[in-house]
Amino acid sequence: MSELIEVRVPDIGDYADVPVIDVYVAVGDAIAADGALATLESDKATMDIPAPVAGIVREVLLKVGDRVAQGARVALIEAAAPAQAAPAASADAAITAAPVATSMAATAPAPATAASSSAVSTSSSPAAVTAQVSGSGPQAFVSSAATAIAPPPVEAAAAPVATHASPSVRKLARELGVDLTRVPASGPKGRILADDVTAWVKSALQAPAAAETGSPAPAAGGAGLTLAPWPQVDFAKYGPVDSVPLSRIKKMSGANLARNWVMIPAVTYHEDADITALEEFRQQINRENAKGNIKLTLLAFLIKSSVAALQRFPELNSSLDGDALILKKYYHIGFAADTPHGLVVPVIRDAGGKSLAELASEAGALADKARAGKLAPAEMSGASFTISSLGGIGGTAFSPIVNAPEVAILGVNKAAMKPVWNGETFEPRLTLPLSLSADHRVVDGALATRFLAHLAGLLADLRRLLL
Ligand code: COA
């Protein structure tokens with residue numbers, strides 16, 4: 001019978017309570033020796049936990065968000081072949097994964113030399129493994145010490161290049177889908193900096209294909225972008241200018257927006273909602289509570305009605321995951337908030353279970369916190385649908401950018417009195433412009449229009465929320 005190997009968190013120094021930020025395997029997955037099972041990230045370092053042997057994952061014993069220390073159980077792997085020379089190997093052996101060292105280590109080799117210096121040892125002696133390359137994980141790391149089983153030989157050509165970058169840079173790269181092994185490093189000792197990652201993304205987006213010919217050839221296999229280079233203009237030639245650095249929020253959201261704009265085939269649909277009755281009701285409740293602390297905002301009605309519409313059309317509350325659609329049974333609604341530092345998106349959790357007053361007060365508190373720059377990351381994550389309301393400012397329509405990995409976003413502009421024909425005469429009706437951008441891979445035009453029409457119906461007659 002094959003051995004069942006218990007993989008545990010290796011010696012990770014003095015760290016305890018280290019968050020698990022990624023788990024790459026599920027029960028039943030085949031894993032190569034040295035393939036990454038999970039990634040831990042402390043405030044100073046990121047490290048992969050590799051599979052010490054090739055085999056089938058029989059149990060996954062941690063999950064994203066867990067906090068672990070040395071010795072914590074990671075997974076049970078049924079070894080494909082008998083494990084090599086584990087110390088005191090037994091039928092069911094517990095193995096501490098060879099630590100795949102911290103990416104912050106000042107002694108880590110520069111990427112340029114890592115491939116050659118990271119030869120995988122085939123020795124079975126625990127002490128013999130001095131450098132190791134992660135085979136299938138998202139990143140490669142170089143270890144300074146190792147225990148337990150050495151991985152099998154890896155073809156030199158297939159060995160990924162070890163990278164040297166801080167956890168925040170790795171996080172940025174993960175968010176942008178950048179393979180760090182392809183990013184040229186400009187930091188000391190070959191370290192990849194955040195600017196290197198953004199420069200790489202920029203150059204990938206601007207990659208000129210046959211630019212000189214003026215007619216870019218399609219990329220091989222239809223993949224990739226064949227964009228003309230970004231115009232390089234010396235603006236000072238034309239008049240006085242100031243150069244102001246972008247805020248941190250703008251830089252980060254800019255990268256995400258560019259990715260979402262380029263990667264998501266989104267279409268924007270428009271609809272008018274008659275909110276005459278809603279607005280009368282809102283004003284009436286606010287008058288009644290003028291001395292209290294309840295102030296119903298239009299945003300609260302939009303959130304409440306959106307949740308009801310999402311419940312009716314669940315595809316709009318989903319995410320694409322390869323060939324699968326993840327339909328979320330929770331309704332966490334993000335809303336764009338304009339702050340002096342840039343756009344942020346706080347998230348109201350489980351919005352469906354909250355009253356209008358609760359939604360209004362929570363959105364107000366989150367918007368205040370956003371403007372003060374005090375939102376915690378957890379307060380900006382996990383949204384299943386987003387609303388971007390420009391209604392307090394103006395506008396008649398716009399095309400919001402879908403906030404990946406969500407598939408739809410609702411844009412709202414300023415309500416205005418409009419003459420609406422009732423069959424006999426024109427009636428003044430307070431009309432709210434809605435703009436829904438949706439990922440066409442998931443939401444086609446008919447579905448998007450049904451969703452919007454349903455949402456407009458709910459806003460026009462709030463009694464429908466009770467149905
Ligand atoms: N039509 C007409 N009036 C509107 C309206 C609309 N669609 N939406 C809001 N208003 C009114 C409000 O009722 C309020 O008036 P009141 O005090 O009489 O009630 C006034 O405009 C100010 O509203 P606002 O400050 O916008 O509050 P809000 O609760 O509606 O919105 C935020 C809160 C956080 C969404 C909003 O302040 C914000 O930051 N919006 C910008 C979002 C953004 O930048 N999106 C673009 C992304 S590309």
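The values are calculated or read from the model by the stated rules, or taken from the named source; none is laboratory data. What you see is a predicted model, and the numbers here were worked out from it, not measured in a lab. Here the Cβ is made from the backbone with ideal geometry for all residues, glycine too, and neighbour counts use every protein chain on show.
Some notes on this structure:
- Criterion violated by Met417 - all others in (1) of a type in the set (A, V, I, L, M, F, W, C); (2) surrounded by 14 or more Cβ atoms within 10 Å (Cβ to Cβ); (3) within 16 Å of the ligand (Cβ to nearest atom) satisfied: (2)
- If the condition is being part of a helix (DSSP H, G or I) and touching a residue at least 12 places away in the same chain (Cβ under 8 Å), then the range 362-373 contributes Glu362, Ala363, Gly364, Leu366, Ala367, Lys369, Ala370, Arg371.
- Among the residues making up the range 315-340, those that are over 20 Å from Leu447 (Cβ atoms) and either away from the ligand (no atom under 16 Å from the Cβ) or surrounded by 15 or more Cβ atoms within 10 Å (Cβ to Cβ) (or both) are Gly322, Tyr330, His332, Gly334, Phe335, Ala336, Ala337, Asp338, Thr339.
- Tally of residues being modelled with pLDDT of 85 or more and of a type in the set (Lys, Arg) across the range 7-46: 1
- Among the criteria (1) under 15 Å from Val344 (Cα atoms); (2) within 13 Å of the ligand (Cβ to nearest atom); (3) within 22 Å of the chain's Cα centre (by Cα), the one Lys374 does not fulfil is (2).
- Output for the range 321-361, where each listed residue is more than 17 Å from Gln311 (Cα to Cα), touching a His at 6+ places or on another chain (Cβ under 9 Å) and assigned to a loop (DSSP other than H, G, I, E, B): none
- Residue match in the range 397-411 (condition: of a type in the set (S, T, N, Q) and in contact with a Ser or Thr (Cβ under 7 Å, 6 or more places away or on another chain)): yes
- Options Val241, Val267; residue that is assigned to a strand (DSSP E or B) and β-branched (Val, Ile, Thr): Val267
- For Trp230, the criteria (1) within 15 Å of the ligand (Cβ to nearest atom); (2) in contact with a helix residue (DSSP H, G or I) (Cβ under 6 Å, 6 or more places away or on another chain); (3) over 20 Å from Ser389 (Cα atoms) hold in every case but one, which is (1).
Here's the yes/no breakdown for (1) at pLDDT below 95; (2) more than 22 Å from Val347 (Cα to Cα):
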position	(1), (2)
Pro208	yes, yes
Asp242	no, yes
Leu246	yes, yes
Met252	yes, no
Phe301	no, no
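- Every residue from the range 374-385 that is surrounded by fewer than 17 Cβ atoms within 10 Å (Cβ to Cβ), touching a strand residue (DSSP E or B) at 6+ places or on another chain (Cβ under 7 Å) and assigned to a loop (DSSP other than H, G, I, E, B): Ser381, Gly382
- Out of Val407, Val443, sole residue that is buried (at least 20 other Cβ atoms within 10 Å of the Cβ), closer than 24 Å to Gly254 by Cβ and either of a type in the set (S, T, N, Q) or away from the ligand (no atom under 14 Å from the Cβ) (or both): Val407
- Subset of the range 279-310 [under 16 Å from Leu465 (Cα atoms) and more than 12 Å from the ligand (Cβ to nearest atom)]: Phe281, Lys304, Ser305, Ser306, Val307, Ala308, Ala309, Leu310
- Residue in the range 389-404 that is modelled with pLDDT of 95 or more and part of a strand (DSSP E or B) present: yes
- Being crowded, with 17+ Cβ neighbours inside 10 Å, more than 12 Å from the ligand (Cβ to nearest atom), within 19 Å of the chain's Cα centre (by Cα) and of a type in the set (Ser, Thr, Tyr) is a property that Ser388 lacks.
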